[in-house]
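Before any comments, here is the structure.
The values are calculated or read from the model by the stated rules, or taken from the named source; none is laboratory data. A quick note: this is a predicted structure, and the numbers were derived from the prediction, not measured. With ideal geometry, Cβ positions are generated from the backbone for all residues, glycine too; neighbour counts draw on all protein chains shown. Heavy atoms of the whole protein, side chains included, go into the accessibility calculation; ligands, DNA and RNA do not. Shrake-Rupley method; radii C 1.70, N 1.55, O 1.52, S 1.80 Å.
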There are 2 protein chains.
Amino acid sequence: MAIKTLGAKAAAALDQELMSTCAFSIDQLMELAGLSVSQAGGDGLVAARHLFYYGYKPSIFYPKRSKNELYQRLAKQLEDLDVPFVDDFQSAIASTDHVVDAIFGFSFSGEVREPFPAVIQALEETKLPVTSVDVPSSWDIEHGPPSSGLGSSFMPTALVSLTAPKPLVGHFDGRHFIGGRFVSPSMAKKYGFEIPEYQGVDQVVEVATGGEKL
Amino acid sequence: MAIKTLGAKAAAALDQELMSTCAFSIDQLMELAGLSVSQAGGDGLVAARHLFYYGYKPSIFYPKRSKNELYQRLAKQLEDLDVPFVDDFQSAIASTDHVVDAIFGFSFSGEVREPFPAVIQALEETKLPVTSVDVPSSWDIEHGPPSSGLGSSFMPTALVSLTAPKPLVGHFDGRHFIGGRFVSPSMAKKYGFEIPEYQGVDQVVEVATGGEKL
């Protein structure tokens, strides 16, 4: 079967609809999305907290702190666990065995701004496994990696697509997981994708690169 | 080892502190608590949603709708999944194979008011497995079941203690799970209980009635 994907506009519309029509709060969605990602390997602030509870020792590179109250609370929850926030990505990457790339979301487009060019370059050059969330950072949600220059050779080891794969998966060649076990059958139908067959209480499921269940 | 429990005041204080000092929102805590309960067998509104996604067919007895905006959203999320809300507990119990008792929380005390006396009686009389959340309904958080009358012979099959067992567990004789994998080590220390050893990505862990890990 051809994999069904959600384009940029549809992905943004689904997110909005989950919070309006479907009555989810951003707190709920963030918690469930982060939990999905933590079960596939890692992620941003919520995933780091769950990873801590799973027994890992995450550290966080978070150079541009959001003033959004939710993100401030998520950071506080990590500080309470003594999870370190690091300023230097290069030295942090030298002392870890896995990188979770949750830098940009699916609404990223255009230029990679400071201080992130050096981070994208480090992600391109590292031999460590990298798990990207939804869209590998510097990639375009529709067209995948930049055709040349910064980010053009960045290929994460694993990708966690939240709710549904985005069109970029056509350019992705690695382990592919789908997470976000909170989309109702009617919403999936409305947006034209299929909910994968999650097992048991899992919040993620691995699919073949083409989208078939493994 | 003697099981360490959280009394009524401490349990309420910990809940407050999770939302103030620890910066969790009620949406986050509800989501994680409901997820814990869904993994042990079931629960209230959040657990019912997760159980639906696990492939079960829950129905909800929810005679006193809260005007609280969060509860209204949680109910909407279930309605969107066509999860039925039933008015008649007796006929609902006749067509299910498991009951989740999430009627009263840990702040319950005093008399069981209408329409719940018939529900408590049905829970006492049913042969079905019943999983209670935190405090079996009609029980006192400190002293367990009423010494006589309604609820005095109610003994659920399983209990899911959220964050930490409450003193009533001294009166409980069944399968005991602990859930709520979001309490930091420093909070557990402050409140004088131990975080159980959760496995892998589990959100619950089964413990012996005395509190030892199985």
Legend entry - Linear extension gain, B:SER148 paired with B:SER186, 0.36 nm per residue minus alpha-carbon span: 9.7 nm
Legend entry - Ranked packing of A:192-205, A:102-115, B:162-175, most packed first, by mean Cβ within 10 Å: B:162-175, A:192-205, A:102-115
Inset, instruction - Give me the Debye-computed log₁₀ of I(q)/I(0) at q = 0.14 Å⁻¹ for region A:8-207, equal point scatterers on Cα only, no solvent, two decimals. - result: -0.82
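Sort B:SER153, A:SER137 from largest to smallest accessible area, using a 1.4 Å probe on the heavy atoms of the protein chains. It would help to have the intermediate numbers written out before the result.
Details: B:SER153 80, A:SER137 0 Å².
Descending order: B:SER153, A:SER137.
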Inset, instruction - Along Cα-to-Cβ, 7 Å out, sits the label point; list in nm, shortest first, how far the one on A:SER148 is from those in the other copies. - result: 9.1
Legend entry - region B:8-207, dipole about Cα centre (Lys/Arg Cβ +1, Asp/Glu Cβ -1), debye to the nearest 20: 300
Inset, instruction - Putting +1 on Lys and Arg Cβ atoms and -1 on Asp and Glu Cβ atoms, find which of A:ILE178, B:VAL169, A:PRO115 reaches farthest to the positive end of the dipole of the protein assembly as shown. - result: A:PRO115
Legend entry - Interface area, B with A, accessible, probe 1.4 Å, both sides summed, Å² nearest 100: 2600
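Grab the eigenvalues of the alpha-carbon gyration tensor for the protein assembly as shown, scale each by 5, take roots, and send me the semi-axes largest first in whole angstrom. Numbers along the way, then the final one.
Working: eigenvalues 340, 123, 59 Å².
Here the semi-axes work out to 41, 25, 17 Å.
Lysine pairs in region B:8-207 8 or more apart or on different chains: how many have alpha carbons under 18 angstrom apart?
Taking the Cα cut-off of 18 Å, the pair count is 8.
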Legend entry - Estimated vicinal HN-Hα couplings, Hz - region B:142-156 in sequence order (Karplus 6.51, -1.76, 1.60; Gly, Pro = x): 8, 9, x, x, x, 6, 7, x, 4, x, 5, 10, 7, 9, x
Inset, instruction - Quantify, in whole percent, the carbon and sulfur part of the accessible surface of chain A (1.4 Å probe; protein heavy atoms only). - result: 52
Legend entry - Position A:GLU79, label points 7 Å along Cα→Cβ, spacing to each other copy in nm (shortest first, one decimal): 4.0
Legend entry - Accessible heavy-atom area order of B:GLU124, B:GLU69, A:GLU79, highest first, probe of 1.4 Å: B:GLU69, A:GLU79, B:GLU124
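Rounded to the nearest 20 Debye, what is the dipole magnitude of the protein assembly as shown about its Cα centre when Lys and Arg each give +1 and Asp and Glu each give -1 at the C-beta? Present the calculation step by step, with values, prior to reporting the outcome.
On the way: 34 positive and 52 negative charges, 59 e Å.
For the protein assembly as shown, the charge dipole is close to 280 debye.
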Inset, instruction - Return the residues of region A:77-100 for which accessible area with all protein chains present is lower than in the chain on its own by 10 Å² or more; set the probe to 1.4 Å and exclude ligands, DNA and RNA. - result: A:GLN77, A:ASP80, A:LEU81
Inset, instruction - Could you pull the copy-to-copy label distances for B:HIS171, with points set 7 Å along Cα to Cβ, in nm to one decimal and sorted shortest first? - result: 6.4
Inset, instruction - Taking the rotation that carries B onto A, look along its axis and tell me which residue of B has the beta carbon nearest to it, distance in whole angstrom. - result: B:ASP27, 2
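Rounded to the nearest whole Å², what accessible area per residue is found for the protein assembly as shown with the 1.4 Å probe?
Ligands and nucleic acids excluded, the figure is 46 Å² per residue.
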Inset, instruction - Go ahead and run the numbers for FRET between A:HIS98 and B:LYS9, Cβ-Cβ distance against an R0 of 51 Å, rounding to 0.05. - result: 0.75
Inset, instruction - Let me have the 222 nm mean residue ellipticity of chain B computed from DSSP H runs of 4+ only, each contributing -39500 (n - 2.57), with the sum over all residues rounded to the nearest 500. - result: -9500 deg cm²/dmol
Legend entry - Gyration tensor verdict on region A:127-178 (Cα atoms; rounded if a/c is under 1.5, prolate if a/b is larger than b/c, oblate otherwise): oblate
